[in-house]
Amino acid sequence: MSASAGATGTAAGATPRGTELQRAANAPRPQVPVLRTVGALMRKELLVELRTLESVPAMSLFSLTTFVVFHFALNRNVVEGDLAAGILWVTLLFAALLGMNRLFVADADQGGFDAFLLAPVDRSAMMLAKALTLLAYLVVFELVAVPAFGLLLLGPSLGHALPDLIGVLLLGDVGVAAIGTLVGAIAVRTRARDLLGPLLALPLFVPLVIGGARASSPLFGGGHAGAPAARWLLTMGLYDLVFGLIAYALFEFLLED
Amino acid sequence: MRSCAVEVEGLARHFGEREALDGVSISLAEGATLVVFGPNGAGKTTLLRVLAGLLRPHAGEVRVLGADLPQHAHAMRGRVGFIGHEPLLYRELTPRENLRFHARLQGVGDDRVEEVLGAVGIEGRAAEPLRSLSRGMVQRVAVARAALADPPLLLLDEPYANLDPAAVELLQPLIGRSADPARPRTRVICSHDPAGGLAEADAVLGLRAGRVALSSPAASTGAEEITELYR
Amino acid sequence: MHPMYGKGLRVLSIATVATMSVGLALVFFYAPLEEEQGFLQKIFYVHVPLAIVSLAGFIVGGLFAIAHLRTRDQRWDMRSYVAIHMSLIFGVGTLITGSIWAKGSWGHWWVWDEPTLVSYLIVFLLYVTYQPLRFAIEDPERQARYASVFAITAGAFVPLNFIAVRLSTAYVHPRVLGSTSNLPGPMALTFLVCLAAIALLYTTLCKYELTAKHARAQVRALRRQLSGERERAPERTRTAAPRLTAPHPSVGGGHS
C-alpha cells in the first residue's frame, strides 16, 4: 500500500488528495494473498533457523547418535530387512518429534501468533507455512540421516533401492509434517509443552510407522526383498490426505482466543 | 460530526469465572485519543486485546473502525496498530528483518520499512539481532512495527515504557496525534502516568476490577481523580 | 438455567438395569457353551460390546467436538468431554477383559497378532492423553477449543488406525468371533442384547455425569449470587473437566 507513505511527514494540509487518502484508510485493507503470506512466514522460519541452528542440526545429530545406540543395544554390526526398517523409522520419528517441539516455540514466546493475527492475512497460511517448513526440515535432515544409516548399520547397499526409499520417506514426511504441525501448535500453548507433544504425536504416528516400516523393509534386503507393497503406500497416502485435511481445517481454532 | 472509530457498549469478557471486563462502554470519535487508567489487573490489557481483535468479547457490542467484532474482525485487520507488553518481534532477527517480515504480512513495501526505521532513529543498529538491543531500542522497533501500515487506529499499551524523553518526542510523528487532518489517527492508550496521560488525552477512561470507574472528557478531569483510581 | 437436565434419567436407568439383567440371564442360561473355549468364551459378551461402545463413544465425542467448534457452545464441549471420559473408563474394561480372554484362550496376557486388540490399545494410548492435555491448559475456553481439536483428530484416527493395523497383521487366528453374521442364532441374540445393555449403560452413565456437572454449575452460580457475585474470589482449582459458567446468558455475543 503506497498510500501509507508520508506518515512521517509534517502537516500536509487538507489537499484534495487528502480525502482520497482518508477513504483509502477507512476501507478494509485487501487481504494479502495466501502464497505471499506463506512465503513471508517460511522466509522468516528459514532466517530464524539459519541464525539459531536449533532444529535440523539437532535432529541430524540425534539420529546419528541413535544409530550408534542401536548398534550397541542390539549388539549388531549390520541390520537388514524388518529390523533395518524399524530402526530407521523409529529414529526418524523421534528426531521429527524434536523438530515438532521447536516449531512454534518462538511464535508462542515472542508474540509471533499475535502479530500474525493482527495482519490482514488468511489464517490457514500459517498452517501451510509451518507444515512446509517442517517438511523441509525433515527432508534436509534425512539427507544426513539416511546416508548415515546406510553407512553405519545397513547391511545391503542402498543403491538401486534408493528411488523407492525416497518415495516412501516422502510419503511419511508429509504425514509427519501435517500431524507435527497440528500437535506442535496444540502442545506449545500448554504447560509441560515438551512432554505433551510427544505423548500426543506418538500414537498418532503409529499408522505411519506401520506403513513406512513395512513398505521399506523389502528395500533393505532380508527374507523378502523386492518392491514396497502397494497397500502400504496406499495406507500412507490415505493417512497424509486425511490428516493433511484435518490439520488444515482445524488449525485456525488453535490460533484465536 | 465525525464518525466513531471505536464504539463499545456493555462489553464483558471473562476468563473462566474471573470477570476481566464487565459492562464497559466507550465511544471514541475518529481522530480522538482515549487514555485508559487503572491499577494492574483492572482489565486495561484485556480491553486493548479485545479492541485489536485478539480476544473475543463475551457480551456486548464492539465496533472498531466500522467492523463489528468478532464477526467482522477481518475487515479491520491491518488497520490497527498494536503495541502490547510484548514487542511481537523475533529476538534472533534484526530490526530490519523483523520489520520486513511484518511488512510482508501487512502488505506494505520494503521502502516503508526503511522509512520507519529512520523515523524511530534505529538505522544504525538495524542489522544487529534484536536480542542484543536494549529494552528502549526494542520498544522503538515495536513502535516502528505498529506504525508500518500507518494504521488509522492505534492501540498502545504503555507505549513509552523504557523510553527516554527524547525518544518519546522522536516517536510522535508515528504514534502521536495526526498532524494531517485528512488522515485522523484515533488512539487508545493505556497509561500509569496521570500527568503525561492527561496531556495526551481527549477523553479519559478509568477501570477498576473490570468496570468503568471513571469516564469523562480530559478537559474536565483532574489528576487527583486519576490517582484516586489506584487507591 | 437447565431445569430439564435430569429428565428421562429414571426411565433410562430402569431400562439399563432391565436390559443388563436380561443380558446376564441370556449369557448364563441361554447361550450355548462354545465348543473349543468353553465357559471362558462368555467373556466375549462383555468384552466385545465394551469395545464397540467405547469406540463409538470416542467417535461421538469427536462429533460433539465438531458441534462445539461450530457453535462455540460450551455445552457441546461438556458432552464431548463426558463421552470421551466415559469411553476411557469402558476402555479400561475392554483391555482387562481382552487380556483375560487372551490368557484363557492363547495362554498369554497379551497377543500382538490380534489386530483388533492391538489397534484398540493404540487408540486407548492416544485418548489417555486427552485428560492431561486439558489439564495443561489453564484458560477454560482455550482448553475447550484445543480439546475439541484433539477430539476431532483422534476421532478420525480411530478408523484409519484400524485399517493400518488390520493390514499389518497376518491372519494367524481364525476370526470365528469377529462378527455376528457367523455366530449361531442363540449366541447372536445374546450378543445383541448384551450390546444393547452396554450401550444403555454408557448412555445412562454419561447422562448422570452431565446432570451432575450441570447441577454443580448451577449451585456454584447461585452461591456466587448469594455472596454478592463479584466479591467472592473465583475458584482457582485447576481442572481437566470443562466448567459451565452459568451466569452468562449471551456467551459468544449472539452470533449465529
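The values are calculated or read from the model by the stated rules, or taken from the named source; none is laboratory data. Quick caveat: nothing in here was measured; it's all calculated off a predicted structure. Methodologically, a virtual Cβ is constructed for each residue, glycine included, from the backbone with ideal geometry; neighbour enumeration extends over all protein chains shown.
Numbers for the structure displayed
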| item | result |
| --- | --- |
| Some residue of region A:86-102 being among the aliphatic types (A, V, I, L, M), part of a helix (DSSP H, G or I), under 20 Å from A:Ala185 (Cβ atoms) and touching a Pro at 6+ places or on another chain (Cβ under 6 Å) | yes |
| Positions within region A:44-60 being more than 7 Å from chain B (Cβ to nearest Cβ) and part of a helix (DSSP H, G or I), in sequence order | A:Glu45, A:Leu46, A:Glu49, A:Leu50, A:Val56, A:Pro57, A:Ala58, A:Met59, A:Ser60 |
| Pairs, first among the acidic types (Asp, Glu) in region A:86-107, second modelled with pLDDT under 95 and surrounded by fewer than 24 Cβ atoms within 10 Å (Cβ to Cβ), C-beta under 7 Å, six or more apart | A:Asp107/A:Phe113 |
| Failed item, numbered, when A:Gly172 is tested on (1) surrounded by 23 or more Cβ atoms within 10 Å (Cβ to Cβ); (2) more than 23 Å from A:Pro218 (Cβ to Cβ); (3) at pLDDT 95 or above | (2) |
| Answer from C:Thr239, C:Thr245, C:Thr204, C:Thr211 - the residue that is β-branched (Val, Ile, Thr), on the phi < 0 side of the Ramachandran plot, out of contact with any Gly (no Cβ under 6 Å at 6 or more places or on another chain) and at pLDDT 80 or above | C:Thr204 |
| Matching residues, region B:210-228, being over 30 Å from B:His58 (Cα atoms) and either touching a Phe, Trp or Tyr at 6+ places or on another chain (Cβ under 7 Å) or assigned to a loop (DSSP other than H, G, I, E, B) (or both) | B:Thr221, B:Gly222 |
| Enumerated helices (runs of 4 or more DSSP H) restricted to region C:7-115, each holding at least 2 residues that are within 15 Å of C:Ala196 (Cβ to Cβ) | C:9-25, C:44-71 |
| All positions within region C:207-224 that are away from every other protein chain (no Cβ under 14 Å), charged (D, E, K, R) and either outside any helix (DSSP H, G or I) or farther than 15 Å from C:Thr239 by Cβ (or both) | C:Lys207 |
| Filter pass, B:Ser27 being more than 12 Å from every other protein chain (Cβ to nearest Cβ) and out of contact with any helix residue (DSSP H, G or I) (no Cβ under 7 Å at 6 or more places or on another chain) | yes |
| Sole residue being under 15 Å from the mean Cα position of the chain (by Cα), crowded, with 22+ Cβ neighbours inside 10 Å, closer than 18 Å to A:Gln110 by Cβ and not polar (S, T, N, Q), chosen from B:Pro95, B:Pro87 | B:Pro87 |
| Listing of helices (runs of 4 or more DSSP H) fully contained in region B:82-183 that carry 2 or more residues being in contact with a Phe, Trp or Tyr (Cβ under 9 Å, 6 or more places away or on another chain), without any contact (Cβ under 8 Å) to a residue 60 or more places away in the chain and at the interface with another protein chain (Cβ under 10 Å from one of its Cβ atoms) | B:95-106 |
| Residue that is farthest from the chain's Cα centre (by Cα) [pool: residues in region C:131-147 that are facing chain A (nearest Cβ under 7 Å) and under 15 Å from C:Arg72 (Cβ atoms)] | C:Arg142 |
| Condition met for A:Ala119 (in contact (Cβ under 8 Å) with a residue 24 or more places away in the chain and within 30 Å of B:Ala103 (Cα to Cα)) | yes |
| Criterion: over 20 Å from A:Leu46 (Cα atoms) and in contact with a strand residue (DSSP E or B) (Cβ under 8 Å, 6 or more places away or on another chain) - qualifying residue of A:Val146, A:Val90, A:Val78 | A:Val78 |
| Enumeration of residues in region B:130-141 that are of a type outside the set (Ser, Thr, Tyr) and surrounded by fewer than 24 Cβ atoms within 10 Å (Cβ to Cβ) | B:Leu130, B:Arg131, B:Leu133, B:Arg135, B:Gly136, B:Met137, B:Val138, B:Gln139 |
| Which listed residue, of A:Leu117, A:Leu135, is out of contact with any His (no Cβ under 8 Å at 6 or more places or on another chain) and under 16 Å from A:Phe253 (Cβ atoms) | A:Leu117 |
| C:Asp77 vs. criteria acidic (Asp, Glu), over 30 Å from C:Glu141 (Cβ atoms) and either exposed (fewer than 15 other Cβ atoms within 10 Å of the Cβ) or touching a Ser or Thr at 6+ places or on another chain (Cβ under 7 Å) (or both) | no |
| Test: residue in region B:29-45 that is in the same structural domain as B:Thr186 (by TED's automatic domain parsing) and farther than 24 Å from B:Ala199 by Cβ | yes |
| Evaluation of B:Leu207 against (1) in a helix (DSSP H, G or I); (2) over 30 Å from B:Phe101 (Cα atoms) (one fails), failing number | (1) |
| Residues of region C:116-130 that turn out to be more than 7 Å from chain A (Cβ to nearest Cβ), part of a helix (DSSP H, G or I) and modelled with pLDDT of 90 or more, as a count | 6 |
| Residues located in region B:43-60, provided they are closer than 30 Å to B:Arg231 by Cβ and either modelled with pLDDT under 90 or within 9 Å of chain A (Cβ to nearest Cβ) (or both) | B:Arg49, B:Ala52, B:Leu55 |
| Yes/no for B:Arg63 being of a type outside the set (Val, Ile, Thr), touching a Lys or Arg at 6+ places or on another chain (Cβ under 7 Å) and either at the interface with another protein chain (Cβ under 7 Å from one of its Cβ atoms) or over 30 Å from A:Glu49 (Cα atoms) (or both) | no |
| Residues that are buried (at least 21 other Cβ atoms within 10 Å of the Cβ), in contact (Cβ under 8 Å) with a residue 40 or more places away in the chain and of a type in the set (Ser, Thr, Tyr), drawn from region C:114-152 | C:Ser119, C:Tyr120, C:Tyr127, C:Tyr130, C:Ser148 |
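Listed here are the residues, each with its yes/no results for (1) in contact (Cβ under 8 Å) with a residue 60 or more places away in the chain; (2) under 30 Å from A:Gly112 (Cα atoms).
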residue	(1), (2)
A:Gly150	no, no
A:Leu154	yes, no
A:Pro163	no, no
A:Val174	yes, yes
A:Leu199	no, yes
A:Gly211	no, no
A:Ala230	no, no
A:Phe243	yes, yes
A:Phe251	yes, yes
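Table: residues versus (1) farther than 12 Å from A:Gly172 by Cβ; (2) out of contact with any Pro (no Cβ under 9 Å at 6 or more places or on another chain); (3) at the interface with another protein chain (Cβ under 9 Å from one of its Cβ atoms).
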| residue | (1), (2), (3) |
| --- | --- |
| A:Gly211 | no, yes, yes |
| A:Arg214 | no, no, yes |
| A:Ser217 | yes, no, no |
| A:Leu233 | no, yes, no |
| A:Leu241 | yes, yes, no |
| A:Leu254 | yes, yes, yes |
| A:Asp257 | yes, yes, yes |
